[in-house]
Amino acid sequence: MLELFNEEQVYEVLLVTRSNATPVGVVRKGKTLNFKLFGGRSSEELKAHPYASIQITNDVELLVKLGLNIPVEVEFVEKKPYRWIKGLPGFYGKVELREDTHEDELGKISVLKCSLRPNGVIESPLPPRPISRADYLLLEMAVDLTRLFVATRGLKVEAARRLYERIWLNYHMYKHLGGNSEIAEKMIGWAISSLRWNP
């Protein structure tokens, strides 16, 4: 299944740690899947317990909800020291970790560089749900929204405005392409509130 990931391309997947699940962008290099964590619960859990699962989904709303900490109804399977979401294909394995720093327009932060070499495969058929063009925009809105929160907390005014404008443009294109998720409405509301309270 690893060969389904083209090398050097970024794939949005789910990372499942001891008690958390979150979307993450992975890049395949040879026989490993590499990703970065910019703080958060999954990062702390991997430092204490470096075992995880990486799972594939074509449910973009699931990715967005988990990324924004919106409650979801999923069932987990445990096979110590691993844990994964029931019904989604993927891999599990030990994670090699290295702490580093990352700097961009939002500032300088700590980053945990991770590499997972699969020890096993999680067998499960993926529901035959095609991904729409609107789905991609929903995902981009969520990524930009999390960055907007960071920008407004750090008083990075220009970066915040650029991110807000991109969210707004993607929202309108999302609606134009037939997107009708309530999550999109919530995200545009949170983006407006974030900018309003952190001008």
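The values are calculated or read from the model by the stated rules, or taken from the named source; none is laboratory data. Owing to the predicted nature of the structure, the values given are computational and were not obtained by experimental measurement. Cβ placement follows ideal geometry from the backbone for every residue including glycine, while neighbour counts extend to all protein chains displayed. The accessibility values were calculated without ligands, DNA or RNA, using every heavy atom of the protein model including side chains. Shrake-Rupley method; radii C 1.70, N 1.55, O 1.52, S 1.80 Å.
Count of the range 11-63 residues, restricted to those that are open to solvent by less than 50 Å² (accessible area, probe 1.4 Å) and outside any loop (DSSP other than H, G, I, E, B), is 28. Residues considered: 163, 169. Of these, the only one that is out of contact with any Cys (no Cβ under 7 Å at 6 or more places or on another chain), open to solvent by less than 60 Å² (accessible area, probe 1.4 Å) and either modelled with pLDDT under 90 or outside the structural domain of residue 12 (by the TED database) (or both) is 163.
Are any of the residues in the range 112-125 farther than 19 Å from residue 68 by Cα, acidic (Asp, Glu), touching a Pro at 6+ places or on another chain (Cβ under 9 Å) and surrounded by fewer than 16 Cβ atoms within 10 Å (Cβ to Cβ)? Break it down stepwise before answering.
Here is the first cut: in the range 112-125, the ones farther than 19 Å from residue 68 by Cα are 112-125.
Checking the rest, the ones that are also acidic (Asp, Glu) come to 123.
Remaining after also requiring touching a Pro at 6+ places or on another chain (Cβ under 9 Å): 123.
Applying the additional criterion that residues be surrounded by fewer than 16 Cβ atoms within 10 Å (Cβ to Cβ) yields 123.
Scanning the range 112-125 turns up at least one residue that is farther than 19 Å from residue 68 by Cα, acidic (Asp, Glu), touching a Pro at 6+ places or on another chain (Cβ under 9 Å) and surrounded by fewer than 16 Cβ atoms within 10 Å (Cβ to Cβ).
Of all the residues in the range 178-194, those that are crowded, with 19+ Cβ neighbours inside 10 Å and more than 17 Å from residue 59 (Cβ to Cβ) number 3.
Quick grid of which residues meet (1) in contact with a Leu (Cβ under 9 Å, 6 or more places away or on another chain); (2) charged (D, E, K, R); (3) not assigned by the TED database to the domain that holds residue 22:
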site	(1), (2), (3)
140	no, yes, yes
144	yes, yes, yes
173	yes, no, yes
182	no, yes, yes
185	no, yes, yes
191	yes, no, yes
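Exactly one residue among 108, 80 is open to solvent by 60 Å² or more (accessible area, probe 1.4 Å) and closer than 18 Å to residue 46 by Cα, and that residue is 80.
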